[in-house]
Amino acid sequence: MNRRSLLSAALAVPAATALLGALPARAEMDIGRASSFIEATGRELVATLNSNQPIAVRRQKVADILRQAVDVDGVGRFILGRWWRVATPAEQQEYMQLFEETLIRNLSARFGEYQGVTFSLGRSQQRTEDDALVNTVIQRPSLAPFSLDWRVGEVGGQPRVVDVIAEGTSLRLTQRSEYSAVISRNGGKVAPLLDAMRQQIAALAAREGR
């Protein structure tokens, strides 16, 4: 997990006390639901990161947590953007598989870096009736704490992470730009992006020591 991965982006949330006081009851309930969701997900993730179980076991637990907490399909399609329509059905299917594996490996490759990690909730900010930002502060031994903003949306009636924002930068927008650049450099073909994603996964797996 680093500051460019889905679970390692950081951004300070602006104060929203006056705004929250003006919102209707439903909006306030949404903030509470989003905060409770991130708190429960974060505690489950931290427990896995701090576990002494074998890497393969922890990787599987991380995969289960991410599949439950993140709108993988929605985020993945957003990042591919207009190139989704260019991709063949087979490329679309492989892209989604590689995208999910990238999320998992980005975290599991850094298990050692996050031993002893803790987190706490910061302020939450309402965006719309079904969209909120939940701030957390991440602390690691001997390192300065940093802040993560989790954008939580309603997906199929359930709260799901739809973006993580770091230092004022949206992860999914940054990744969308990078993926689009790879495709554009290769004549508008999606296949080279899939090759690059496979190489990234292989490098992360090697770093993990598996």
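The values are calculated or read from the model by the stated rules, or taken from the named source; none is laboratory data. Everything numeric in this text was worked out from a predicted model, so none of it was measured. Virtual Cβ from ideal backbone geometry, glycine too; neighbours counted across all protein chains shown. The area values use the complete protein model at the heavy-atom level, side chains included, leaving out ligands, DNA and RNA. Shrake-Rupley method; radii C 1.70, N 1.55, O 1.52, S 1.80 Å.
Of all the residues in the stretch 190-210, those that are closer than 19 Å to residue 60 by Cα, among the small types (Gly, Ala, Ser) and touching a residue at least 60 places away in the same chain (Cβ under 8 Å) number 2. Counting only helices (runs of 4 or more DSSP H) that sit completely within the stretch 23-136, those holding 2 or more residues that are more than 21 Å from residue 175 (Cα to Cα) and open to solvent by 20 Å² or more (accessible area, probe 1.4 Å) correspond to 25-49, 55-69, 89-108.
The listed residues are 118, 102, 88, 48, and the only one of them that is polar (S, T, N, Q) and in contact with a Lys or Arg (Cβ under 7 Å, 6 or more places away or on another chain) turns out to be 48.
Residue by residue, here is whether (1) modelled with pLDDT of 85 or more; (2) under 14 Å from residue 38 (Cβ atoms) holds:
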position	(1), (2)
112	no, no
120	yes, yes
132	yes, yes
142	no, no
146	yes, no
153	yes, yes
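For (1) part of a loop (DSSP other than H, G, I, E, B); (2) touching a Ser or Thr at 6+ places or on another chain (Cβ under 6 Å); (3) not polar (S, T, N, Q), each residue gets a yes or a no:
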residue	(1), (2), (3)
141	yes, no, yes
151	no, no, yes
161	no, no, yes
174	no, no, no
183	no, no, yes
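Would you point out the residue of the stretch 137-147, among those that are open to solvent by 70 Å² or more (accessible area, probe 1.4 Å) and of a type in the set (A, V, I, L, M, F, W, C), that is nearest to residue 114 (Cα to Cα)? Of everything passing the filter in the stretch 137-147, 143 is nearest to residue 114 (Cα to Cα).
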